[in-house]
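Below: the structure, in structure tokens.
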Amino acid sequence: MSAPVLPPRGVSVRVPAKVNLELRVGPRRADGFHSLSTVYHAVDLTDSVLAEPADEWGITVLGPYADRVPTDESNLAMRAARMVAEIGGVDEPVHLTIDKAIPVAGGMAGGSADAAAALVACDALWQTELSRTQLDEAAAELGSDVPFLLTGGTALGSGRGEQVVPVLTQGSFHWVFALHHDGLSTAAVYAECDRLRADDDIPEPVPSQELMTALRAGDVDKLSLALMNDLEPAACSLNPRLQQTMAAGLAHGALATTVSGSGPTVAFLARDKAGALDLMVALSADNIADEVVHARGPAAGAHLLSDITVR
């Protein structure tokens, strides 16, 4: 007689950060969001989320950004856990431990990443076996970037960013991220974007064929010519320090630069790993940013690391 299958005691999930290779912002919609056409790219700068059964709901946050992350019901990962419990009919508290390396309010979807990880972790912990459609719908309700962080890789986002379709990408790309810890509010950046474009006739956004061609070919030079972000002028308007950072990276040999999402993280595309490491050293020596890190993409979306079975 085979032994019974015991539920896991704890489940750990790793989840990547994202950079927008292209972010085209269309007109403001009736629901307050903007129509977007974006190409998401996951990179191996990661958070991990551990979900464990507990007597009461709670969150612990570890890492250098711990003091900037809420640990109450407003935390997006906690909202994700509650959502899985509701969908799966689970009446069991969970404690989440978030080990953060993705910047907070940095335009790299750190909060969305943790929410995606919590969806996967709690589904595995409680063995609710939610369908991919159920997970995607829950992710979209939580936030525009959350569905992509479930998927990872490189993907085209439309709607408000929550409608995700994978994009064929050859090879991998090396990035250097200049992190500024004085975060920017996404809502404030979009409002500034609207202000700067107030007199413009804004068309519905569509992806560029140049970017798609570069990704299919794995051509870093063509990719360097195709990076763009409609939110960049607004982010730089709110934080002029970003322009200095971008100029410094280009002067030190970066192939291209872009603000990541709504900022204030600045992304630099390097030719290869050696070029990225050289750029890291140069930018660190300039003291142009609060922190400089290297990452590679594309990276896998939220995925199980381990589970510990009750003995």
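Any read-out appearing in this document is the output of simple, stated calculations on the displayed coordinates, not a laboratory observation. These numbers were taken from a predicted model, which means no experiment stands behind them. Methodologically, a virtual Cβ is constructed for each residue, glycine included, from the backbone with ideal geometry; neighbour enumeration extends over all protein chains shown.
Based on DSSP H segments of at least four residues, each scored -39500 (n - 2.57), the chain has a per-residue ellipticity at 222 nm of -10000 deg cm²/dmol. Computed from the C-beta positions of D221 and R9, the FRET efficiency with R₀ = 51 Å rounds to 0.55. Let me make sure I get this right: for the stretch 8-167, a, b and c are the square roots of the gyration tensor eigenvalues over alpha carbons, sorted descending. Under 1.5 in a/c it's rounded, otherwise prolate if a/b > b/c, else oblate. Which is it? Here the stretch 8-167 falls in the prolate category. For the chain, the longest principal axis of the Cα atoms and the long axis of helix 186-196 meet at an angle of about 30 degrees. The length gained on full extension between T213 and A191, counted as 0.36 nm times the residue separation minus their Cα-Cα distance, comes to 4.7 nm. Per-residue Karplus couplings for the stretch 256-264, computed as 6.51 cos²θ - 1.76 cosθ + 1.60 with θ equal to phi - 60°, are listed in order as 6, 9, 7, 6, 7, x, 8, x, x Hz, Gly and Pro entered as x. Peptide packing: for 80-93, 116-129, 174-187, the average count of neighbouring Cβ atoms within 10 Å per residue gives the ranking 116-129, 174-187, 80-93, highest mean first.
If I stretch the segment between T71 and Q170 completely, what's the gain in nm (0.36 nm per residue apart, minus their alpha carbon distance), one decimal?
Fully extending the segment from T71 to Q170 adds 31.7 nm.
Taking the chain as a Gaussian network of alpha-carbon nodes connected by springs under 10 Å, the highest mean-square fluctuation of the residues L238, L45, L135 belongs to L238. Comparing Cα centroids, the stretch 120-135 and the stretch 168-215 end up 31 angstrom apart.
Computing mean projected area of the Cα convex hull in nm² for the structure here picks out one of (i) 15.3; (ii) 17.6; (iii) 16.2, namely (ii). Report the residues of the stretch 125-165 in range of a label on E204: point 7 Å along Cα→C-beta, backbone N strictly under 18 Å from it. Only 156-165 fall inside the zone, counting backbone N under 18 Å. As a proxy for reagent exposure, V43, V167 were ordered by neighbouring Cβ count within 10 angstrom, fewest first; the result is V167, V43.
Extension gain for L62-A285 works out to 77.5 nm (0.36 nm per residue, less the C-alpha to C-alpha distance).
Given R₀ = 45 Å, what would the calculated FRET efficiency be for E86 paired with R296, taking r from the Cβ atoms and rounding to 0.05?
Once the sixth-power term is evaluated, E becomes 0.75.
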